[in-house]
Structures are given as C-alpha cells and as structure tokens.
Amino acid sequence: MLRFLTAGESHGQALVVTVDGMPAGLQLDIPSLDEQLKRRQGGYGRGRRMAIESDRVEILAGVRHGRTTGAPIALLIRNRDWVNWQQTMYVEPEMPEGASGVRRPEVTRPRPGHADLAGAIKYGHDDVRDILERASARETAARVAAGSLARQILGRFGMQIASHVSVIGDVMLDENRTVSFAEAQAIPQDSPLRCVDASVQQSMIAAIDKARDAGDTLGGAFEVIVTGVPVGLGSYVQWDRKLDGRLAQALMCIHAIKAVGIGIGPEVAVRPGSRVHDEILPAPEVGAPVRPTNNAGGLEGGVTNGEDVRVVGFMKPISTLMKPLRSVDLTTMTEAPAAIERSDVCAVPAAAVVGEAMVAFVLADAFLEKFGGDSIDEIEQHYKSTIEHVRRRFSARATPA
C-alpha cells in the first residue's frame, strides 16, 4: 500500500512528508521534485507569497545514492517566510529570545468558505490562526512532493501525466473541444494559466484582473490526463476499491475543490446512452479491443480500460477576499468583516499541478496493488508477464486474415 502523511503549518518552520510503501531500487530524478514544486508556485493570479518562497525538497530518509531503499521516505520543505513569523508561530511555551518577525494579533473573524469557524468550534480554539495555518493550501506543496515520487514509478512503466486549465470564472474553452494529451503536454511551462487556447487564456487573464480590481476572487476547472495506463487498475468487487471513487476523493481533498468529473463528467446526466458509452471495436492489429471514443475517461466499473485516464477538478474561488464578506467577531459575537490573510486572486493553475500529484499517487498505488513487489525489478517482472499474457490471450483468438 502506497500512502503518505504530511505535517506543518503555512507559516511554520517547514512542511514534512513521509511516504510509505515505495518499492526499493527506483532510481530517482531528484531535481524533478523541485521542478514540480516550482510549477505549483506559478500561474497568473497568485499572491505575494510566491515571490518569497522558492520551494526545494530535502530528502532525509529512504533514499541512498539516488535510489529508494524500500524504507519510508522522509521529505522536508522549508518555509522561507518563517523568518518573518517566528514571533507569531513559535513552538515553545514562551517566545524565544531573539525571535524575528512581528507579533501578529489573534484572528477572531472567520472567513466564509474557509475552515476557520468550523475548525475553531471543532477543536475549541479562540484564535482562528490555529485553524487557518494548517487548513491553508500551503500544505499542498507537500502533496506535490509526494506525488512527484509516485509519478516516477508511473514513468518507469510508460505512463505520463499532463494537465490544462479549461475554465476561469465564466471564461471557458469550447465545451465541444476535447484537449488531447499531446496538446496538454505541449503547453509551455511559463504559460500564465496553462490553457491550450491563447485567445481564451487572454480572456481568462482579463477576468482575473477584473476580479482583483474588485477585491474579489475567481475559481475554475482543470483536467488531468494520464496516458499509457494499463488495463485492470482498480476493481469493481468492492466499493472502496473502485478507482473512480479513489480518484474522486484524491481530488476532492485538495483545498477549494468542490466537484470532480471523470471523462465527460456531468454531461453523462443529459446525454442519451448512445452518446455516452464508448463502443468496443476489434484492434487494428492483434491485441485487446479498442474504443473510438473515451467518454468514460479511461474507467469503467471502477477499473482502467486502457484509454487515457481523464479527471476534472472544479475549484471554488479562494476564501480570502480583499473586500471581505460579512462575518462575526468571536470575541464579542458582533457582526464584523471577515479577516484578510495574504492570498491569491486565482489559484486554478496551481491546483492543476496538485491535481496531477494526487492522481499520480492514486494510480501508482493501484499499479503497485496489481503488479506489486518489494523492488522495482520484481514489479517489472510481474508487469511484463501480465502484459505478455494479455497479448497471447487475444492473439490466440484472432481470426486469420
């Protein structure tokens, strides 16, 4: 079982990640971990903090000479902004002598749409900062680091991941357009919003500027596409093993994601079955049957069917507004404007990178579940023998020309 746990606060000393279940013998591309973190920090509409942080991963355990050992992998991502927050976020009972930064007042006006109020009630805190520091999307940097390890397992077996932004506010790609994996992969890394259509992207940028000027925020949608996925990951035999559900949970747990679609997603509710289900045709060469369409997003009955896996995340606007909504001051229980924390106007491109990481982690877990072993070499043997078995199975049934 592949799993990870994270710890750390938004303005604390660091984020910590422990990844358990990584097989031994995987040669890691360590610089690529930092490249993925850099991608997460990009995107038009991000806040001032992205100019402060320059995230880098420090590997503390589980890797030796660039190769995984099979032991848990410990990762550390330091918060450069910690130097400005020591007087507010110190761990000791009393503020240490020489602590830097400034002492910030308690946060008592919860933001609508954030975990602030529900968390304060649940855990009994009066200072909402105890909630918002952990509930912050800063934690997703740790998820990207964990997902970067997982995508290297997938890459070893020919699976590749890309994403693109399809909606910002009320600006969106043509609903009839299906973006191919190649198109998503070809988006330049410095693209401001990672949209495949340059003219639509400019309209998206204008929408973000308008929201910023109004003291408002914008959400949107992104699609994660994975190609090269083998048939048979996941299972239909129990509810908690269905890969659709596991992928949906992985995206829904990302901050501000409020809905998930697989394949054509909500469209399945309004189309007739003849325009939803992907027909099955004989392969042009010897092999398993193929499909001319992929409305199912590569998943049927909770199991991958060999087509590209396509998952869409729908993100609500960021909860911190520069023109705050109405709230209540918890110290006086009187109406007051919600607190303002340093934040983004729009973070959909960043969420897409986090989405890639979470999809990679779930698929890597399902891949190890099917082709598992304690080392990469053992997994590779299982994988090759299974692929060869499938090829022979359909070859024996092919009708001679």
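Is it the case, given these coordinates, that VAL196 is within 26 Å of ASN295 (Cβ to Cβ), part of a loop (DSSP other than H, G, I, E, B), of a type in the set (A, V, I, L, M, F, W, C) and in contact (Cβ under 8 Å) with a residue 12 or more places away in the chain?
The answer is yes for VAL196.
Has segment 345-354 got any residue that is farther than 21 Å from ALA142 by Cα, in a strand (DSSP E or B), touching a residue at least 40 places away in the same chain (Cβ under 8 Å) and β-branched (Val, Ile, Thr)?
No, that holds for no residue.
Quick check, is ASP329 out of contact with any helix residue (DSSP H, G or I) (no Cβ under 7 Å at 6 or more places or on another chain) and closer than 28 Å to GLN36 by Cα?
no
For segment 307-339, which positions are more than 13 Å from GLY113 (Cα to Cα), more than 22 Å from the chain's Cα centre (by Cα) and part of a loop (DSSP other than H, G, I, E, B)?
MET322, LYS323, LEU330, THR331, THR332, MET333
Could you list, in sequence order, the residues of segment 320-351 that are hydroxyl-bearing (Ser, Thr, Tyr) and at pLDDT 95 or above?
Residues satisfying the conditions are SER327, THR331, THR332, THR334.
Looking at segment 354-383, which of its residues are modelled with pLDDT under 95 and either within 27 Å of VAL311 (Cα to Cα) or aromatic (Phe, Trp, Tyr) (or both)?
Matches in segment 354-383: GLY372 only.
Go through (1) within 30 Å of ARG109 (Cα to Cα); (2) of a type in the set (S, T, N, Q); (3) touching a helix residue (DSSP H, G or I) at 6+ places or on another chain (Cβ under 9 Å) one by one and return the number of the condition THR304 breaks.
(1)
Please tell me if ALA71 is without any contact (Cβ under 8 Å) to a residue 12 or more places away in the chain and surrounded by 13 or more Cβ atoms within 10 Å (Cβ to Cβ).
Considered against the rule, which asks whether it is without any contact (Cβ under 8 Å) to a residue 12 or more places away in the chain and surrounded by 13 or more Cβ atoms within 10 Å (Cβ to Cβ), ALA71 comes out as yes.
Anything in segment 234-264 that is part of a helix (DSSP H, G or I), surrounded by 12 or more Cβ atoms within 10 Å (Cβ to Cβ) and in contact with a Lys or Arg (Cβ under 9 Å, 6 or more places away or on another chain)? List them, or say none.
Across segment 234-264, the qualifying residue is only MET252.
Could you tell me whether segment 59-67 includes any residue that is farther than 30 Å from GLY306 by Cα and either in contact (Cβ under 8 Å) with a residue 60 or more places away in the chain or touching an Asp or Glu at 6+ places or on another chain (Cβ under 8 Å) (or both)?
Checked against the condition, which is being farther than 30 Å from GLY306 by Cα and either in contact (Cβ under 8 Å) with a residue 60 or more places away in the chain or touching an Asp or Glu at 6+ places or on another chain (Cβ under 8 Å) (or both), segment 59-67 yields no hits at all.
Enumerate the pairs (first residue in segment 377-401 and surrounded by 14 or more Cβ atoms within 10 Å (Cβ to Cβ); second residue anywhere and modelled with pLDDT under 85) with beta-carbon separation below 9 Å, excluding pairs fewer than 6 apart on the same chain, so at least 6 apart or on different chains.
As it stands, the answer is VAL390/GLY287; VAL390/ALA288; PHE394/ALA283; PHE394/VAL286; PHE394/GLY287; PHE394/ALA288, since those pairs meet every condition given.
Test GLN152 against the criterion of being more than 13 Å from GLY45 (Cβ to Cβ), touching a residue at least 24 places away in the same chain (Cβ under 8 Å) and buried (at least 18 other Cβ atoms within 10 Å of the Cβ), and give yes or no.
Taking the combined requirement at face value, the residue satisfies it.
Just name the residue that is farthest from the chain's Cα centre (by Cα) out of those in segment 15-45 that are assigned to a strand (DSSP E or B) and surrounded by fewer than 16 Cβ atoms within 10 Å (Cβ to Cβ).
Once the filter is applied, the top-ranked residue is GLN27.
Restricting attention to segment 289-304, does a residue exist that is surrounded by fewer than 21 Cβ atoms within 10 Å (Cβ to Cβ), of a type outside the set (Phe, Trp, Tyr) and at positive phi?
Yes - at least one qualifying residue is present in segment 289-304.
Could you say whether any residue in segment 290-297 is closer than 19 Å to LYS370 by Cβ and of a type in the set (S, T, N, Q)?
So far as segment 290-297 goes, no, none of its residues is closer than 19 Å to LYS370 by Cβ and of a type in the set (S, T, N, Q).
Search segment 307-337 for residues being surrounded by 21 or more Cβ atoms within 10 Å (Cβ to Cβ) and aliphatic (A, V, I, L, M), and hand back the single one that is farthest from ALA184 (Cα to Cα).
LEU330
The values are calculated or read from the model by the stated rules, or taken from the named source; none is laboratory data. As the structure is a prediction and not an experimental result, all values here were calculated from the model. Because the Cβ atoms are built from the backbone with ideal geometry, glycine has one as well, and the counts that use them run over all protein chains shown.
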